[in-house]
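Data first, discussion second: the structure below is written as structure tokens.
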Amino acid sequence: VGLFVRGEIPDAPTVAVVGTRRCTTYGRRLARRYGVAIAEAGWVLVSGLARGVDAAAHQGTVSAGGRGVAVLGSGLDVLYPAENTPLAGQLVDRGGAVVSEYPPGTVPEPWRFPPRNRIISGLAGAVVVVEAAVTGGALITAGTALTQDRPVFAVPGDVERATSEGTNRLIRDGAHPVLDPDDLIEELSLVLGPPGC
């Protein structure tokens with residue numbers, strides 16, 4: 001019916017960057033670099049606030065002075081994981097927001113996270129999956145993006161690594177592969193328009 005918002009959802013092109021909580025160093029590093037590139041392009045990064053890819057992407061955006069929106073699976077006053085509370089504050093302080101469909105006081109039950117993924121993709125003009133297994137929230141977000149007519153991009157990975165199996169399957173099934181931050185910005189420009197617009 002509505003969203004609870006702390007801060008302000010920026011009026012600018014948005015990109016969702018999602019992936020596994022159990023990411024590798026490769027996935028964390030790439031998510032952070034994508035966050036920087038998205039910020040430098042003047043776009044807004046949307047993700048969860050989870051450990052792993054979500055947090056790394058937001059950290060990259062914040063470090064580059066960009067704006068981000070974090071979507072929670074709990075109430076705004078029950079940030080999860082608690083270790084990312086400072087990151088949430090930085091997003092709000094830099095002109096972004098933390099949002100949730102759940103009222104204050106709602107605890108982060110596991111079943112609350114899959115539904116919030118439709119909000120991540122719904123707020124985004126495009127979805128980028130950095131690293132993901134075949135099960136988990138990142139592929140749910142990719143699936144809801146397709147039903148919402150959002151383009152899906154995915155980072156190819158080692159075919160023998162479980163955390164790349166989901167992204168590799170997305171590419172096999174038609175997602176656009178992206179290789180590095182420059183490639184990402186070039187691909188996204190076709191969807192969102194040139195950086196800075």
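The values are calculated or read from the model by the stated rules, or taken from the named source; none is laboratory data. None of these values were measured; they are calculated from a predicted model. Heads up, the Cβs are rebuilt from the backbone with ideal geometry, glycines too, and the neighbour counts pull from every protein chain shown. Please note that ligands, DNA and RNA were not included when accessible areas were found on the heavy atoms of the full protein model with its side chains. Shrake-Rupley method; radii C 1.70, N 1.55, O 1.52, S 1.80 Å.
Taking the criterion of being open to solvent by less than 40 Å² (accessible area, probe 1.4 Å), of a type in the set (Ser, Thr, Tyr) and part of a helix (DSSP H, G or I), the only residue of segment 9-46 that qualifies is 34. When segment 153-174 is filtered for residues that are surrounded by fewer than 23 Cβ atoms within 10 Å (Cβ to Cβ) and either hydrophobic (A, V, I, L, M, F, W, C) or touching a Lys or Arg at 6+ places or on another chain (Cβ under 7 Å) (or both), the ones remaining, listed by number, are 159, 162, 171. Restricted to segment 142-166, and to residues there that are among the β-branched types (Val, Ile, Thr) and within 14 Å of the chain's Cα centre (by Cα), the residue that is nearest to residue 181 (Cα to Cα) is 155.
Going by the conditions given, is residue 75 touching a strand residue (DSSP E or B) at 6+ places or on another chain (Cβ under 9 Å), over 17 Å from residue 116 (Cβ atoms) and of a type outside the set (Ser, Thr, Tyr)? Here the answer is no, as residue 75 does not meet what is asked.
Here's the yes/no breakdown for (1) more than 29 Å from residue 179 (Cβ to Cβ); (2) aromatic (Phe, Trp, Tyr); (3) touching a Leu at 6+ places or on another chain (Cβ under 6 Å); (4) assigned to a loop (DSSP other than H, G, I, E, B):
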residue: 56; (1), (2), (3), (4): no, no, no, no
residue: 90; (1), (2), (3), (4): no, no, no, no
residue: 99; (1), (2), (3), (4): yes, no, yes, no
residue: 115; (1), (2), (3), (4): yes, no, no, no
residue: 119; (1), (2), (3), (4): no, no, no, no
residue: 128; (1), (2), (3), (4): no, no, no, no
residue: 140; (1), (2), (3), (4): no, no, no, no
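Rundown of residues vs (1) hydroxyl-bearing (Ser, Thr, Tyr); (2) free of Cβ contacts under 8 Å to residues at least 60 places away in the same chain; (3) under 18 Å from residue 122 (Cα atoms); (4) surrounded by fewer than 19 Cβ atoms within 10 Å (Cβ to Cβ), yes/no style:
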site: 48; (1), (2), (3), (4): no, no, yes, no
site: 53; (1), (2), (3), (4): no, no, no, no
site: 63; (1), (2), (3), (4): yes, yes, no, yes
site: 66; (1), (2), (3), (4): no, yes, no, no
site: 71; (1), (2), (3), (4): no, yes, yes, no
site: 82; (1), (2), (3), (4): no, yes, no, yes
site: 91; (1), (2), (3), (4): no, no, no, no
site: 99; (1), (2), (3), (4): no, no, yes, no
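Residues that are free of Cβ contacts under 8 Å to residues at least 60 places away in the same chain and among the basic types (Lys, Arg) were ranked within segment 151-187; the one that is farthest from residue 31 (Cα to Cα) is 172.
Reported count of residues in segment 145-192, each being within 24 Å of residue 41 (Cβ to Cβ), β-branched (Val, Ile, Thr) and not in a loop (DSSP other than H, G, I, E, B), is 5.
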